[in-house]
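Data first, discussion second: the structure below is written as structure tokens.
The values are calculated or read from the model by the stated rules, or taken from the named source; none is laboratory data. Values in this document were obtained by computation on a predicted structure and should not be read as measured data. Note that each Cβ is placed from the backbone with ideal geometry, even for glycine, and that neighbours are counted across all protein chains shown. Surface accessibility is based on the protein's heavy atoms, side chains included, excluding ligands, DNA and RNA. Shrake-Rupley method; radii C 1.70, N 1.55, O 1.52, S 1.80 Å.
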2 protein chains.
Amino acid sequence: MEENLSIEEIKRFFDPQSVAIVGASRKSDKFGSVILRNLQGLGYPGRLFAVNPHTSEILGVRSFPSLEAIPEGVDIAIIAVPAFVVPEVMADCARSRTKNVLIISSGFNEAGEAGRKRLEETLKTARRGGIRIIGPNTTGILNPKAKFTTTFTPLTGEIREGPVAFIAQTGMFAGVVLYYIITSERFGISRVAGLGNKSDVDDCDILEYLYEDEDTRVAMIYMEGLNDGRRFLQIARKFTRTKPLVVLKGGRTSAGAKAALSHTGSLAGQYSITEALFKQAGIILVHDLEEMIDFAKILAYQPVPRGARAGVASMSGGEGVMASDSVTEAGLVVANLASESSNYFQSLLPQWAVAGHPLDLEPLQETVGRSEAYRIGLEIILNDPNVDICLLVMSIVPAMDESIIDILAPLLLKRVKPVAVAVVGAKQQCENLATRLEEMEIPTYPTVARAAKSLAALYHYAQATNSGESKC
Amino acid sequence: MEENLSIEEIKRFFDPQSVAIVGASRKSDKFGSVILRNLQGLGYPGRLFAVNPHTSEILGVRSFPSLEAIPEGVDIAIIAVPAFVVPEVMADCARSRTKNVLIISSGFNEAGEAGRKRLEETLKTARRGGIRIIGPNTTGILNPKAKFTTTFTPLTGEIREGPVAFIAQTGMFAGVVLYYIITSERFGISRVAGLGNKSDVDDCDILEYLYEDEDTRVAMIYMEGLNDGRRFLQIARKFTRTKPLVVLKGGRTSAGAKAALSHTGSLAGQYSITEALFKQAGIILVHDLEEMIDFAKILAYQPVPRGARAGVASMSGGEGVMASDSVTEAGLVVANLASESSNYFQSLLPQWAVAGHPLDLEPLQETVGRSEAYRIGLEIILNDPNVDICLLVMSIVPAMDESIIDILAPLLLKRVKPVAVAVVGAKQQCENLATRLEEMEIPTYPTVARAAKSLAALYHYAQATNSGESKC
């Protein structure tokens, strides 16, 4: 019961019917101004109010001197005023019976004794009023489906809806990382939650919500500290049984931990312990943003494999060697192909060539052409009974014929075994091909090493969560 | 003396005065045709001949029935005919006193007993004629300065001249990897040598040549096997004393070694031994192509550091935490800034903010603006006496003001300490900024982790080669 209540409270942060921006402003560089314009730009369909005592209207939105003055009240208040005013605004929230508050402002527990006191006072008022808080020191929420955001970094361009959620303890994730994903990646986003200093709502609350959220198929978290490690592991275990969870932990080293303390006031525990516990809970740990995104897209898109045996086909013998090394180093195994597969492949090769595995498609293209060579290679590894995981390596020349995608599509859309495609070569052609492939939910990578690691993440997820289930 | 003779022989492969393409063809998909068109496209200024008994002219180039029939002889013959014809062509090379031969064709020691015999016969003839061979089974040479190439993958667009050489035991490097570098990277290339099966000329010969070559500042090698490990280590030790050498070894795992055997007929030794010996020789080992390129550009562009202490400035506290972890995990140390630096930084911050290191520029931008915040951050870490290595993390929003580069340029061009810039955010703006920075020879990376690893490679190179010198 309590859990469901909490999920409803959290849901309101992502999908409010009415919003007030405290500190809304006409000055375009003020956070309160950017937030308002972001909401207008996304086309937020709910009721929108400004709280600013100096005016009755900002950018076409009605402004009130306080939250209490808004006759119908609001679902959520976004606070974007200097830290020292926040305790007072929180009192206004309590009086107006606002139940969800997002504090953008920084200058609390990351800012010395005065900041800590300021936060304590704010939290006391909030608790008395039954108010849930996200922040302080954060960009907050983005929900493309609800056309709702609290972020103060200017949003431009379309934000694709999709299966990947992210939670972060830094404004970056609703800022530059979001820009990175929107402009460089092709997967879509379900929800973004920037939690800042996690004075109340934390990763656990958001994960509970995302567990129920039907739009989310995979979650990534950038985390510096945890309020309640035990509760997090409990929720993570439940979450990872049905949805993969990728975590980038900041503060793995003592230098990182020190930086985390001054960034979000977080105490990072000893990483070796965190690592062991997180892995037991089925969490996939990564070491940087690129790896996080690499893993998230394959976890969102592809089925889990039944085993670790990888089939590889490439247009270059060198890529085949590199793929064999990468696959092995990532914890997978280069498959022993069934003799039927090898014999069939050999029968198609020119006389001088000897069939091996990884399949070297270069000799084959001399007899059947480039596109057909890729099709045959992919078909062999997809159908081979000794292969659990497929890695196709495409060598992209400037004269690439994009119709290759239509030729491969029927095979790629089977979705019986997980497939990743390494797309290596001329930039523009690689990007075109990657876009087409990822529109079909086939993850692509610029090197065999990154493709192999990502396939291995899928395998390790399957392993960790199966073993988790069998223990129950 | 013998060494100098050998270097002259190798030099002729890269800078021949006259070339014959054996197997030149009018059919546009034939290797012999692509090679000819590539040479014409690059504007090769030497004398160019075709060898094809069926015609007297191909694409405007005079064709002869054999090498022997070319009255003035040639510096180099490029052989692009089926494998079974190669022994016969080699006899023609010997008769015509051609001293440099590049064999494109595959179907030799990677292709069973018949292939091995074919190669033996070819080599015997070559030895008798005092002929040096690159290949078989390769794309061979690219020398942008001499406008010379033997590659059979169609070259398009300008190939930037620059300080990075690469040697590879796979056609990929003169093919898709070259396309990748030309279209995605901004550094230039001095020489490319694809060595294929290394039946004669090997990495050692090329390294001897590159050691003397003034255009080359750093070399990267993709290597599956070595003909003479002892000689390679000897040359590598000499080479790394003045120029960095980055090696990607194929066949690190048993699966990779097996694939290498069928790719180039190479026997890969046990990697742990190779790894130890290579590191002792000052070689920087990498695990994939991306890392190879990441490292090569910083090694080519930036001065080596005097120590391992890294100064970090970023526009996001989260990036500062991630950078601290990455720097430490890469084997560097987050510097303790001098108190003068910290006090100066603190004096510029708004009252609520507490100065730490990594420098968090976010509060600073609130008082001095974004560009000036970056400039101050970079200046502090560049000037701090406790900092050996500088990592600047830039958060790139769509509204990025590119004049930031002009503001940072005077600092970046000092070149007293190595600098890397992580450029994270909106794609097009990141690319524009990266281009501007790399034109100034400041290497850029899409994540702090890759920047930190690359800075660490520079440090490890300095360490390995200094200790190498002190032993002499």
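How are the alpha carbon pair distances in the range A:343-411 distributed across 10 Å bins from zero to the largest one, expressed in percent? P(r) for the range A:343-411, in whole percents per bin: 19, 54, 26, 1. Relative to the longest principal axis of the Cα atoms of chain A, helix A:448-471 runs at roughly 70 degrees.
With a simple spin-label model that places each label point 7 Å from the Cα along the Cα-to-Cβ direction, the separation between B:E340 and A:N432 comes to 5.7 nm. The rotation axis taking chain A to chain B passes closest to this chain A residue's Cβ, listed with the gap in Å: A:E290, 5.
Gyration tensor over the Cα atoms of the range A:113-228: the corresponding equivalent ellipsoid has semi-axes (square roots of 5 times the eigenvalues, largest first) of 26, 15, 12 Å. Distances between copies at B:K124, taken between label points 7 Å from Cα along the C-beta direction, are 9.8 nm in increasing order. From helices alone, chain B scores -14000 deg cm²/dmol at 222 nm; the rule is -39500 (n - 2.57) for each run of n ≥ 4 DSSP H residues, then divide by the residue total.
Of all DSSP bridge pairs formed entirely within chain A, close to 10 percent run antiparallel.
Rounded to the nearest whole Hz, the Karplus-based 3J(HN,Hα) values (6.51 cos²θ - 1.76 cosθ + 1.60, θ = phi - 60°) of the range B:275-290 follow the sequence 4, 5, 5, 4, 5, 4, 7, x, 7, 9, 8, 10, 10, 7, 4, 4, with x at glycine and proline.
Between A:M440 and A:L5, 0.36 nm times their residue separation minus their Cα-Cα distance comes to what? Residue separation times 0.36 nm, minus the Cα-Cα distance, leaves 152.8 nm.
Inter-copy label distances at A:E402, shortest first and taken from points set 7 Å along Cα to Cβ: 2.5 nm. Using the Cβ-Cβ distance between A:E72 and B:V416 with R0 = 51 Å, the FRET efficiency computed as 1/(1 + (r/R0)^6) comes to roughly 0.25.
Amide H to amide H distances under 5 Å link A:S18 with A:R47, A:D75, A:I76, where only residues 5 or more positions off or on other chains count and H is placed in the peptide plane. Over the range B:407-456, with every protein chain in place, what whole percent of the accessible area is carbon and sulfur at 1.4 Å, could you tell me? Roughly 56 percent of what the probe reaches on the range B:407-456 is carbon or sulfur.
Pairwise Cα distances in the range B:261-323 exceed 17 Å in 69 percent of cases.
Place a +1 charge on the Cβ of each Lys and Arg in the range B:298-368 and a -1 charge on the Cβ of each Asp and Glu, then give the dipole magnitude about the Cα centre in debye, rounded to the nearest 20.
Approximately 300 debye in magnitude.
The C-alpha atoms of chain A define a longest principal axis, and helix A:229-242 lies at about 50 degrees to it.
For A:A353, the shell of other residues with beta-carbons less than 9 Å away shows a net charge of -4, using +1 for Lys and Arg and -1 for Asp and Glu. Measuring nothing but alpha carbons in the range A:19-84 and taking Rh as the Kirkwood radius, the Rg to Rh ratio lands at 0.92.
When DSSP beta bridges are restricted to pairs lying wholly in the range A:46-107, around 25% turn out antiparallel. Between amide H atoms placed 1.01 Å from N, distances below 5 Å from A:I167 occur with A:A193, A:M220, A:I221, A:Y222, all of them 5 or more places distant or on a separate chain. For the residues of A:218-225, the average number of beta carbons from a partner chain within 10 Å of their own beta carbon is 1. Across the range A:203-258, Cα-Cα distances exceeding 12 Å account for 67% of all pairs. With every protein chain in place and a 1.4 angstrom probe, the accessible-area ranking of A:R127, A:R241, largest first, reads A:R127, A:R241.
Placing a label point 7 Å from Cα along the Cα-to-Cβ axis, A:K238 is separated from the same position in the other copies by 6.9 nm, shortest listed first. Distance from the Cα centroid of the range B:112-127 to that of the range A:370-395 is 33 Å (rounded to whole angstrom). In straight-distance terms, cross-link reach from A:K117 covers every one of the lysines whose alpha-carbon lies under 27 Å from its own, apart from those fewer than eight places away in the same chain; here that gives A:K30, A:K99, A:K198, A:K258.
Using the Cβ-Cβ distance between A:S254 and A:Q463 with R0 set to 35 Å, the FRET efficiency from 1/(1 + (r/R0)^6) comes to roughly 0.70.
Would you mind counting up the charge near B:L412? Only other residues with Cβ under 13 Å from its Cβ, with Lys and Arg at +1 and Asp and Glu at -1. Could the numbers behind the result be given before it?
Details: positive: B:R375, B:K414, B:R415, B:K417, B:R436; negative: B:E379, B:D406, B:E438, B:E439, B:E441.
For residues surrounding B:L412, the net value is 0.
Each peptide in A:400-410, B:299-309 was scored by the mean count of other Cβ atoms within 10 Å over its residues; highest first, the order is B:299-309, A:400-410. Remark on the range A:71-132: ratio of C-alpha radius of gyration to 2.2 N^0.38 Å is 1.06.
The 3J(HN,Hα) values that the Karplus relation (6.51, -1.76, 1.60; θ = phi - 60°) gives for the range B:83-96 are, in residue order, 3, 5, 8, 4, x, 5, 5, 4, 4, 4, 4, 4, 4, 8 Hz. Gly and Pro appear as x.
Translational diffusion of the range A:324-472 was estimated from the Stokes-Einstein equation, with Rh taken as the Kirkwood radius over Cα pairs; at 25 °C and 0.890 mPa s the coefficient is 151 µm²/s. The Cα center of the range A:250-311 and the Cα center of the range A:1-61 differ in position by 33 Å.
In whole angstrom, chain A maps to an equivalent ellipsoid with semi-axes of 48, 23, 17, each derived as √(5λ) from the alpha carbon gyration tensor and ordered largest first. Chains B and A together bury roughly 4700 Å² of accessible area, counting both sides, with a 1.4 Å probe on protein heavy atoms only. Treat the range A:24-159 as a sphere of radius equal to its Kirkwood radius over Cα pairs and apply Stokes-Einstein at 4 °C in a medium of 1.567 mPa s; give the translational diffusion coefficient in µm²/s, rounded to a whole number. Answer from the Stokes-Einstein relation: 85 µm²/s. Taking every Cα-Cα distance in the protein assembly as shown and sorting them into 20 Å bins from zero, the calculated P(r) comes out as 14, 42, 31, 11, 2, 0 percent. In this simple spin-label approximation, B:E158 and A:I273 carry label points 7 Å from Cα along the Cα→Cβ vector, and these lie 5.8 nm apart.
When every Cα-Cα distance of the range B:199-331 is counted in 5 angstrom steps from zero, the calculated P(r) takes the values 2, 9, 16, 19, 19, 13, 9, 6, 4, 2, 0 percent.
If both residues of a DSSP beta bridge must be in the range A:7-68, then about 20% of such bridges are antiparallel. Averaging 1/r over each pair of different alpha-carbon atoms in the range B:161-255 and inverting the result gives 13.6 Å, the Kirkwood hydrodynamic radius. Take the Kirkwood radius over Cα pairs of the range B:275-382, plug it into Stokes-Einstein at 37 °C and 0.692 mPa s, and you get 208 µm²/s for translational diffusion. Modelled spin-label separation between B:R12 and A:R306, with each label point placed 7 Å from Cα along the Cα-to-Cβ direction: 6.0 nm.
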